[in-house]
Each structure stands twice: as C-alpha cells, then as structure tokens.
1. Can you give the local net charge around Gln21? Use residues other than it whose beta-carbon is closer than 13 angstrom to its beta-carbon, Lys and Arg +1, Asp and Glu -1.
2. Over region 18-145, with the other protein chains present, what is the accessible area per residue in square angstrom, probe 1.4 angstrom?
3. Would you list which lysines come within 29 Å of Lys70, measuring only between C-alpha atoms, while excluding same-chain residues fewer than 8 positions from it?
4. At a Cα cut-off below 12 Å, give the aspartates and glutamates reachable from Lys222, other chains included and same-chain residues fewer than 8 away excluded.
5. By DSSP, what percent of the beta bridges with both residues in the chain are antiparallel, rounded to the nearest 5?
6. Average projected area of the Cα convex hull of the chain, in nm²?
7. Dipole magnitude of the chain about its Cα centre, charges +1 at Lys/Arg Cβ and -1 at Asp/Glu Cβ only, in debye to the nearest 20?
8. If Rh is defined by the Kirkwood formula over all Cα pairs and Rg also comes from Cα, what ratio Rg/Rh do you get for region 1-142?
Amino acid sequence: MNSPAVALESTVITHGLPRPQNLQLAREMERLVRENGATPATIAVLDGQIRVGLTEAELERLANATNVHKISRRDFAAAATKQWTGGTTVAGTLFAARRAGIRVFATGGIGGVHEVATLDISADLQALADTPLIVVCAGAKAILDLPATLEYLETMAVPVIGYETDEFPAFYSRQSGLPVSARLDSPEEVVRLAKTHWGLGMQSAVLVCQPLPPEDEIPAAKILPFIEQARREAAEKGIHGQPLTPFLLARLAELTGGESLRANLALLKNNARLGAQIAVAWQAASKEKPA
Ligand code: PSU
Ligand code: MN
C-alpha cells in the first residue's frame, strides 16, 4: 500500500524565508514527512506547469530562482499563459492539492486579515472556506489581525481546531488569548472530526492549529512591539498587497536578530511531523471503512 501524501506549500520557500534556510527547511520538511510514514508532495509552479511533488533538483531550482512569482489561486492561469515559475501560497496549494486528491496539507501560518488602512484579506481564507482538506498550521501569522481572522473563519464555516490546546496559537507565541472552536488531542481524533465534517456535506477545510514547541516560542509581550514597528515601516514605505507579508516576515527576522526566523523554522518542522501523522491516521481509518 502506498504511503499517504502530505501537501507542502512553496511560497514559504520562495518568499517567506531567506536563503539558504529556505532550501534547508524545504528538504527538512520533506524528510520529516517521510520519517513519519507519509510521502511529501511539495507543490509549486515550474515554467507555467502546476507540479505536485518536486525532485531534489527542482526544489533547489525553486529555492534559488530569481524572478520567482507568488502564486495564489487567481494566478494559475496567468502563470500558465506566461510560463511563470513560482511558489504557491496556502490558497494556491489548497487548489492544487485538492485536484491531486490529497487530503492533508502542512504549512507554517495561514494568511488572514491584515491590520492596514486598506482592505487586505488573504486569499488563503476564501480557499479554506471552499476546499475540503485538513490544514496543519501554527495559527495565523501574528503580523495579522487575529480576532478579525478568526471571525472570518467562523463566518466561512471553517472549524478551527486547537491541537493539544484550548487557544488559537499566535504563530511565534503559543497563546493568543483567543478561543478555538474545538480542542483535539490526537491525529485519530482529527481524522474522525474531518470525516464527520465532510460527511455532513461541508466543503470547508479543517484547520488544525498546533502551537510551536515551548522552547522555540517568543512571548507575545516581546514580539508585539516589533510587529508594531514592522507594520509602521510597511505603511511608511507604502508596501501593500502581495509584498506585504514577505516584507513583514523579513523585517521581523532583522528586528529580532534572527529569533523570529528560528521560531518560524521550528513551527514549520513541527507541522510537517503532525501532518504526516494525520495522513497516516487518515489512511488507516479509510481502510477500516470507506469515507
Ligand atoms: N507560513 C510561513 N511563511 C510564509 C507563509 C506561510 O511560515 O511565508 C506564506 C503562505 O504561503 C501564505 C502566505 O499563503 O504567506 C500569505 O500571503 P498573503 O498574506 O499575501 O496572502
Ligand atoms: Mn494580501
């Protein structure tokens, strides 16, 4: 029997992390998925083609590519028409993973509602609203308006599961003071909830939110002033739209002397592990009785 696939996104490789940590992390996530009994499927666009699963050489090419695009759901047609190469966001990866029949996807932090003067709501949220996959994350990136992001997910009928926690994790920090819609404590429970959700006819994703390991967390009181500063600088520089999230992540890494980068890498690896465990549990449950 084939080992079950876990989708991995690639905007984190092309836009979310600096070189050379981006390639190291991409390899490490693939290794962790394998080590936990599943098959990694890193999703990206190469020369206009949607690719599900990359070779080692392709991963390296993507990580070092110049003129690389950030590809959300709306961008696939443009990418095909113009032969772009790019990293797929959570929204883009959800689309490609679903077409490939993959059920589980691991990422760092989903996009959400930005705290800016103009409207900026990540396409990740709409994709989560209408794509039935289990998405493992560390919450939404703390650079966002977390209460507004949770409200949007509630409106769109996305279950927000706290994995071994009652609180929505805040990416760099384990706690946000905000509630999840249910807490679950094992991969088997996650699978049972997801199968029930979709069995009821729901089309939305199940968002599994796992706090990063305690030893890697940055307490909210420490990271929040830096987030404020990075946001202010983005506003002053007139940065908005697609470049905003990459700018904020890179600036935070500078402001924290690399601490936010270390936390980001740790949570991505942690989520790769849990994604693989959930994929294995999904396959086992599907063998017992067809979904
Ligand atoms: N998680 C990380 N780093 C990242 C991202 C997620 O640890 O860079 C990426 C994801 O690909 C996500 C994107 O879809 O950031 C959100 O971008 P935007 O806010 O522009 O939708
Ligand atoms: Mn945006």
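The values are calculated or read from the model by the stated rules, or taken from the named source; none is laboratory data. Small disclaimer: the values here were computed from a predicted structure and weren't measured. A quick note on method: Cβ atoms are made from the backbone with ideal geometry, for glycine too, and the neighbour counts reach across all protein chains shown. Calculation scope for accessible area: heavy atoms of the full protein, side chains included, ligands and nucleic acids excluded. Shrake-Rupley method; radii C 1.70, N 1.55, O 1.52, S 1.80 Å.
1. That sum, taken over residues with Cβ under 13 Å, equals +3.
2. Here the per-residue accessible area is 40 Å².
3. Lys82, Lys141, Lys237, Lys269
4. Straight-distance partners of Lys222: Glu259.
5. Roughly 30 percent of the beta bridges in the chain run antiparallel, per DSSP.
6. 14.2 nm²
7. In total the dipole reaches around 760 debye.
8. Ratio value, two decimals: 0.95.
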